1. Which residues, counting only those in segment 75-105, are in contact with a Phe, Trp or Tyr (Cβ under 8 Å, 6 or more places away or on another chain) and either surrounded by fewer than 16 Cβ atoms within 10 Å (Cβ to Cβ) or of a type in the set (A, V, I, L, M) (or both)?
2. In the set L197, L250, which member is modelled with pLDDT of 95 or more and either on the phi < 0 side of the Ramachandran plot or assigned to a loop (DSSP other than H, G, I, E, B) (or both)?
3. Report every pair of residues separated by at least 6 positions or lying on different chains whose Cβ atoms are under 6 Å apart, first residue within segment 181-201 and under 28 Å from T222 (Cα atoms), second hydroxyl-bearing (S, T, Y) and assigned to a loop (DSSP other than H, G, I, E, B).
4. What number of residues within segment 231-246 are buried (at least 16 other Cβ atoms within 10 Å of the Cβ) and assigned to a loop (DSSP other than H, G, I, E, B)?
5. When segment 117-142 is examined, which residues are found to be within 21 Å of P192 (Cβ to Cβ) and in contact with a Ser or Thr (Cβ under 7 Å, 6 or more places away or on another chain)?
6. Within segment 92-125, how many residues turn out to be closer than 26 Å to A152 by Cβ, under 20 Å from the mean Cα position of the chain (by Cα) and outside any helix (DSSP H, G or I)?
7. For G189, state whether it is closer than 24 Å to G116 by Cβ, in a loop (DSSP other than H, G, I, E, B) and out of contact with any strand residue (DSSP E or B) (no Cβ under 9 Å at 6 or more places or on another chain).
8. Filter segment 157-176 down to residues that are surrounded by 15 or more Cβ atoms within 10 Å (Cβ to Cβ) and either in contact with a strand residue (DSSP E or B) (Cβ under 8 Å, 6 or more places away or on another chain) or assigned to a loop (DSSP other than H, G, I, E, B) (or both), then give me how many there are.
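The values are calculated or read from the model by the stated rules, or taken from the named source; none is laboratory data. Everything quoted here is computed from the prediction, not taken from an experiment. Counting neighbours? That spans all protein chains shown, and the Cβs are built from the backbone with ideal geometry, glycine included.
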Amino acid sequence: MTNPDAAVDNSEILSRLLANGPPTHVAVIMDGNGRWARERGLPRRRGHRAGMSAVREVIKGAAEAEVRHLTLYAFSNENWDRPADEVGALMALLEEYAQSDRDELARAGIRVTVFGDRERLSATARRAIAELEASTSGGGALDVHLAISYGARGEITEACRSLARDCAAGVLSPDDIEPGHLDARLMTGDWPDPDLLIRTSGEYRISNFLLWQLAYAEIYVTEVLWPDFTRRELFHAILDYQGRDRRFGLVST
């Protein structure tokens, strides 16, 4: 099937997108690095490296589209169970990105925050992340949140433990607990919930990602593998989102 926008340049698509108002928060499950490498007869680490180019492209695209928050699922708790050489390559790539891109991100006004279980990361990775966050802390154009060593079930469990401790201490009554109390205990408590979730590579799974926060997000799945995902693909996902009827459990008027 011919894409009707094939001959339309990105600036025209972006103009249409901006005219309708972009989502405040876009979250992305970046999937397909391994398949991309396998299709080319390359080791998986080459797919992860190619995926870093897509990360840079999508960050630039989100800034152009005036998205305020972009959350990228970079490394899950389950990913620790992958072969040691692949995990090592991913960690090395994380450190390389944190060191090589921080000045450019800072100049572009892009603030980076990382959430997840940092204790499982190496000391050098933790240091690189801290330097990246510090270098970009003054950014106001776009907030990029990287989920690294993250799992939503663990996040929710820890939030429940925190509430339980307050109840045990008499600070909070169980009968007074409302959704907002849990919101505030999550790693994402200071950010709005995602409006749009994008998943690449055609898989229809949430994969233990932001299970609480995605309650009313619109979901967009594309067959495009992550290393091939461009800002144009991002723009099309946002245009699709803008055509949705968001009812939040209610009915259309």
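1. V87, L90, L94
2. Just a single option satisfies the conditions, and that option is L197.
3. P192/T24; D195/T24; T200/T222
4. Of the residues in segment 231-246, 0 are buried (at least 16 other Cβ atoms within 10 Å of the Cβ) and assigned to a loop (DSSP other than H, G, I, E, B).
5. Result: E133, single match.
6. Of the residues in segment 92-125, 9 are closer than 26 Å to A152 by Cβ, under 20 Å from the mean Cα position of the chain (by Cα) and outside any helix (DSSP H, G or I).
7. In short, yes.
8. Adding up the residues that qualify gives 1.
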